[in-house]
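These notes are about the structure you will find just below.
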C-alpha cells in the first residue's frame, strides 16, 4: 500500500521541485542552479546581491504562490467532483469566482489596493458560498443536482454584474481589473497563508479518503456502509469553498487547473482519494508554476495573465483526455 502511494507521489514531488527550480532560474535574467544554491544556502561569495534579490524577493514568493494556488484549485476540483459526482465539475462551478471577482473589482473601483482587494475578494467568495448553499437548501435539503444548478445560475448572475461594472469603470482602471479577472500572480508576495492552508487541508482530508471513495459511488451505498453522508458532504462543500476562495483571493480567476488536473490523475492513477488528493496538490502546483513561468517569459519583458496560459494548455489537454477515455 505504501509503495503504491509513495511512488507516484515521490515522482510528483520531484516534478514540483524541478518546476520551482525552473521558475527561479528562468526569466529576463537567467540564474544558474549554482547561483540559486548559493543564494539559498547564503554563500556570499557566489550569491551576488542582484541574484539574491531576484530569487528571494521576486521569483521565489511568486513561484510559491503559484504552487499554492495551483494545489488549492486542483484539490478543490477533486473535492467538487466527489461532492457533485460529476467528473466535469470544477472549483468555479458554484459561482465562487464570480463573488470573489465582484468583491475585488469593487475594491479596485474604490481606489483600494493590496490587502483591501484580497480581503474584498475573500469576502465576496464567502458571500457567494452562503448564497448558493442557502438557495439550494431552501426549506428542505440540498442535492448535488440542485446545488449544481443553483451555482450555475448564480455564476451567470455574477457574470452579468461583472460586465456591468467593467462597462461603468474608468478607462484607467480597466487594465488592472481585466488582468485580475484573467488570473495574475504579479502581486502575489505572501505565499505562506495559501501554502499552510493547502498543507492543513491535505492533512485533514487524507484520513477521510476511504469515506470519500465510498461517497463517490453514491450516497445510498455510502449510508449503507456506515458513512455519515450529510456531515461528510458539508465538510467537502466547506473545504472546497474555502480552498477556492483562498486561491481566487491570491491570484484572481484561473481556469482549467481544477478541472484538468483531477481528471488527468484519475485516468493515470485510478480513483483512490487517498492518492488523488495529495497528487492533485503536487500536480496542480507544478502545472501552475510552469504556466506562470511561461506567462512571464513568453513575451518578456511584458507579462501575460497566467489564466490565458492555463486556458491555452487546458482546452486541448482536456479534449485529448476526453478522446482517450471514450
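Throughout, read-outs are computed from the coordinates displayed, never taken from laboratory work. Keep in mind that what you see is a predicted model, and the values were worked out from it rather than measured. Glycine also receives a Cβ, built like all others from the backbone with ideal geometry; neighbour counts cover every protein chain displayed.
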Under the Kirkwood approximation for Rh and a Cα-based Rg, what ratio Rg/Rh is obtained for the range 218-301? 1.09
Using 0.36 nm times the number of residues separating residue 112 and residue 230, minus their current alpha carbon distance, what extension gain do you get? 38.5 nm
Only Cα pairs under 8 Å and at least 6 apart count here; give the relative contact order of the range 72-148 as a rounded whole percent. 30
Can you list the equivalent-ellipsoid semi-axes of the range 168-224, largest first and in whole Å, using the square root of 5 times each Cα gyration tensor eigenvalue? 41, 19, 7
Would you list 317, 143 from fewest to most Cβ contacts within 10 Å? 143, 317
Gain in length, residue 153 to residue 88, computed as 0.36 nm per residue apart minus the alpha-carbon separation, to one decimal in nm? 21.7 nm
Length gain on complete extension for the stretch residue 321 to residue 7, per 0.36 nm per residue less the alpha carbon to alpha carbon distance? 110.8 nm
At 222 nm, what value in deg cm²/dmol follows for the chain if DSSP H runs of at least 4 each add -39500 (n - 2.57) and the sum is divided by all its residues, to the nearest 500? -24500 deg cm²/dmol
Need one number: nm distance between label points at residue 119 and residue 49, each 7 Å from Cα along Cα→Cβ, rounded to one decimal. 3.6
Of the candidate values [x] 0.93; [y] 0.99; [z] 1.07, the one computed for Rg/Rh (Cα atoms, Kirkwood Rh) from this structure is [y]
Under the definition of Cα pairs under 8 Å and six or more residues apart, what whole-number percent is the relative contact order of the range 2-324? 31
Return the whole-Å distance between the Cα centroid of the range 84-158 and the Cα centroid of the range 267-321. 23
Once both labels are modelled 7 Å past Cα along the beta-carbon direction, what's the residue 168-residue 217 spacing in nm? 5.3
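In Å, what Kirkwood hydrodynamic radius results for the range 285-326 from the alpha-carbon pair distances?
11.1
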Most packed first (mean Cβ within 10 Å per residue), the peptides 126-134, 197-205, 177-185 order as 177-185, 126-134, 197-205
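Which of the peptides 264-272, 286-294, 99-107, 165-173 is most tightly packed, and how do the rest follow, going by the mean number of other Cβ atoms within 10 Å of each residue? Mind dumping the intermediate values first?
Numbers: 264-272: 16.8, 286-294: 26.9, 99-107: 24.9, 165-173: 10.8.
By packing density, highest mean first, the sequence is 286-294, 99-107, 264-272, 165-173.
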Of the peptides 26-32, 251-257, 52-58, how do they stack up when ordered by the mean number of other Cβ atoms within 10 Å, highest first? 251-257, 52-58, 26-32
